[in-house]
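*Asks:* Quick one: the structure is below, questions incoming.
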Amino acid sequence: GIDLLGILRAMLRNFLARRIIQGGSTITQQLVRNTLLTPDRSFARKLAEITLALKIERHYSKKEILFLYGQSVYLGNGIRGFPAASKAIYRKPIQSINRDQACGLIGLLRQPSITYPSKNLTRYLDRQALLASLIGRENPLKKEHRDTLRLSLQPPNPIPIFDFQKHRWANIARTLTRDIFSDEKSLYVKRLGLTIDEPLQRIVDDVLKDVSLDKKVAQVAAVIVSNRTADILAESAWGEGCDLAFSPTFYGNLQPGSTFKTFAYIAALEAGLGNDLLLESQPFESSFIKNRNGHIWRVKNYADNYRGLLTLDQALQYSDNTAFARLAEMINVDHLRSTYSKFGLCDKALITPAIVLGGSSRGISLLSLISAYAAIARNGSFIQPRFIRYLQYSDGSITYLPPSCDATLLIQDSAILGLLKAALRQAGQVISAAPFSGKTGTTKKGSIFVGYNDEVSIAIWLGYRNVQSEYAKKAISAVKTVERIIQKALGYRRDLFTI
């Protein structure tokens, strides 16, 4: 797990250079650094790295360590792991690539930031040829191979920034480019490459357009994000059969409803409460929590449906308001604020115990909500979703915008993560052909679902024209809309929507 001679050699070179220029790390140490520690360079971090590497060597085989390393190693352009690199570079799963293509991916291990093909295609292909020759293969890189790879790396479908078919996307792009660059430089951005998966986008648009024609529905919006790359694959918003210029995904102030209960569940487990904690499902009147107007906080269940004693897992599955209101009394409000705030769901100063039921004075965008659930899908790791892949300027130069690779680990305890994922599997199944973990939410004039599988996260919001009776079954809801999208998408991208 460690190379003592390598460490001593690195220490000597660092001493002579009077700065850290070499680490002497083995693959096991790099795995520890990639998955368990921060990348900062210090003696204390190095000592922790060595200690953990030795422990991993005692519990895992070399084959298992190499597999985990291959899933987490940084390979350039914001990509971690060989499976993600295979999809990004060769547009196919890693199981489908040949040995020569595998040599190209392995070549990224050395200086990935400058060897990635979109940065330096010649360097990438030279490394690929070198590794192929080292394992006794003839150089496979004939002209047609180079041309094929070069074509696959071209920015897909660049769109003039002021010539979008969707005005909503133009508005989003203007805002995002202003945030990324100074106003002066953004004036010279002429074309964009979006992360949108066009066939999937068409499917979502078709479903949402049809839903928006229902007389009960005022607006409907959806967003789908890749869990592996953080790319926004589809973003759609419709009202009365028309494509909307306003994006609830980026700028909405939507009421999240019971989708917020997931994070109260996390706060409870982090506070030491168990998932088998018993909570009463009966009308609730708090003994000390007050509303904003100073009145006693009273809570009832949707349609006055009560179930007696429930475990915390069952309370999440049934989305029981009164059980979660009782839970709010058991958790320190500062801890609630910390949990919701770290997932980027609310302004910390505005969080009250009512947050466990989705009480949000300012509302929330679909993007913020799906980002929080995608972090759960990524085993507690948060990455900001990406909408723009690259920008092309008037002089023809291109700037690529990789997704943030500085993932923040929001759920530290693997036991909590395991319990949470198990509970969301029970709460969020959509259709048998494509089960999604997740959570529904219902408000007086809205229906929402947000969930995930291994590949993608999806969020849907329906805004109704009038207040809906809580006792009436809704023919159109967020869950039914998700089902329609998935059923249509299965024929196009089974790799995204099936187990």
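The values are calculated or read from the model by the stated rules, or taken from the named source; none is laboratory data. All values reported here derive from a predicted model rather than from experimental measurement. We place every Cβ from the backbone using ideal geometry, glycine too, and count neighbours over all the protein chains shown. Only protein heavy atoms, including side chains, enter the accessible area calculation; ligands, DNA and RNA are left aside. Shrake-Rupley method; radii C 1.70, N 1.55, O 1.52, S 1.80 Å.
*Asks:* Assuming 0.36 nm per residue, please report the length gained on full extension of the stretch Asp334 to Glu198 beyond their Cα-Cα distance.
*Replies:* 44.6 nm
*Asks:* Using the Cβ atoms and a cut-off under 12 Å, what net charge is assigned to the surroundings of Leu350, where Lys and Arg are +1 and Asp and Glu are -1?
*Replies:* Cβ neighbours under 12 Å give a net charge of +3.
*Asks:* For an R0 of 60 angstrom, estimate the FRET efficiency from the Cβ-Cβ distance between Leu37 and Lys215 and round to the nearest 0.05.
*Replies:* Working from the Cβ atoms, E equals 0.60.
*Asks:* On to the next question. How much length is gained on full extension from Ile431 to Cys242, taking 0.36 nm per residue of separation minus their Cα-Cα distance?
*Replies:* Once the chain is fully extended between Ile431 and Cys242, it gains 65.2 nm.
*Asks:* Right, here's the next one. Where does helix 198-212 land angle-wise versus the long Cα axis of the chain, in degrees 0 to 90, nearest 10?
*Replies:* Helix 198-212 sits at roughly 10 degrees to that axis.
*Asks:* Also, I was wondering about something else. List the relative contact order of the chain as a percent without decimals, with contacts defined as Cα pairs under 8 Å and 6+ residues apart.
*Replies:* Worked out over the chain, it gives 13 percent.
*Asks:* Calculate the length of the line joining the C-alpha centroid of the stretch 215-272 to that of the stretch 72-134, in whole Å.
*Replies:* Here the two parts' Cα centres lie 34 Å apart.
*Asks:* Could I ask something else about it? Would you please give the residues with an amide H less than 5 Å from that of Tyr60, counting only those at least 5 places away or on a separate chain, with H modeled from the backbone geometry?
*Replies:* Correct list: empty.
*Asks:* What ranking do 277-290, 326-339, 224-237, 478-491 get when scored by the average of other Cβ atoms within 10 Å per residue, highest first?
*Replies:* For the peptides 277-290, 326-339, 224-237, 478-491, the packing ranking is 224-237, 478-491, 326-339, 277-290.
*Asks:* For the chain, with only Lys/Arg (+1) and Asp/Glu (-1) charged at the beta-carbon, what is the dipole magnitude about the Cα centre, in debye rounded to 20?
*Replies:* 920
*Asks:* Round to the nearest 0.05 the FRET efficiency obtained for Phe15 and Leu47 when R0 = 22 Å and r is the Cβ-Cβ distance.
*Replies:* The computed FRET efficiency comes out at 0.80.
*Asks:* Relative contact order of the stretch 445-499: what whole-number percent is it, with Cα pairs under 8 angstrom and at least 6 residues apart?
*Replies:* Over the stretch 445-499, the number comes to 37 percent.
*Asks:* Please give me the summed charge of the neighbours of Asn453: other residues whose Cβ is under 13 Å from its Cβ, Lys and Arg +1, Asp and Glu -1.
*Replies:* +3
*Asks:* Using 1/(1 + (r/R0)^6) with R0 = 51 angstrom and r between the beta carbons of Leu278 and Leu121, what's the FRET efficiency to the nearest 0.05?
*Replies:* Approximately 0.25, to the nearest 0.05.
*Asks:* Against the longest principal axis of the chain, how steep is helix 121-134, in degrees 0 to 90 to the nearest 10, with axes from Cα atoms?
*Replies:* Long axis of 121-134 versus the principal axis of the chain: about 70 degrees.
*Asks:* Please work out the average accessible area per residue across the chain, using the 1.4 Å probe convention, and give it in Å².
*Replies:* Value returned for the chain: 49 Å² of accessible area per residue.
*Asks:* Let me ask something additional. What lysines sit close enough to Lys209 to cross-link, taking a C-alpha to C-alpha distance under 23 Å and skipping anything fewer than 8 places away on the same chain?
*Replies:* Lys166, Lys444, Lys445, Lys473, Lys474, Lys480, Lys488
*Asks:* Follow-up. Quote to one decimal, in nm, the extra length available between Lys55 and Ala303 on full extension: 0.36 nm per residue of separation minus the C-alpha distance between them.
*Replies:* 83.9 nm
*Asks:* Each label point is 7 Å from the Cα along the Cα-to-Cβ direction; what then is the distance between the points at Lys92 and Glu470, in nm?
*Replies:* It works out to 5.4 nm between the two label points.
*Asks:* Continuing with this model, one more query. Rounded to whole Hz and in sequence order, give me ³J(HN,Hα) for the stretch 426-435 from the Karplus expression 6.51 cos²θ - 1.76 cosθ + 1.60, θ = phi - 60°, writing x for Gly and Pro.
*Replies:* Each residue of the stretch 426-435 in turn: 6, 7, x, 4, 9, 9, 4, 6, 8, x Hz.
*Asks:* 7 Å from Cα along Cα→Cβ at both Gln111 and Lys480: what's the point-to-point distance in nm?
*Replies:* Result for the modelled spin labels: 5.9 nm.
*Asks:* Next question, about the same structure. If I compute solvent accessible area with a 1.4 Å probe over the protein chains, what percent of it on the chain is carbon and sulfur?
*Replies:* 53
*Asks:* Which lysines have a Cα less than 20 Å from the Cα of Lys348, not counting those fewer than 8 places away in the same chain?
*Replies:* Excluding near neighbours in sequence, the set is Lys261, Lys290.
*Asks:* Along the stretch 291-298, what does the Karplus equation 6.51 cos²θ - 1.76 cosθ + 1.60 (θ = phi - 60°) give for ³J(HN,Hα), rounded to whole Hz, x for Gly and Pro?
*Replies:* My calculation for the stretch 291-298 gives 6, 4, 7, x, 7, 5, 7, 10 Hz in order.
*Asks:* Turning to a different aspect of this structure: I need the chymotrypsin sites (Phe, Trp or Tyr not before Pro) found in the stretch 415-486, filtered to DSSP loop residues with at most 10 other beta carbons within 10 Å of theirs.
*Replies:* Taking the stretch 415-486 and a limit of 10 other Cβ atoms within 10 Å, the loop chymotrypsin sites (Phe, Trp or Tyr not before Pro) found are Tyr471.
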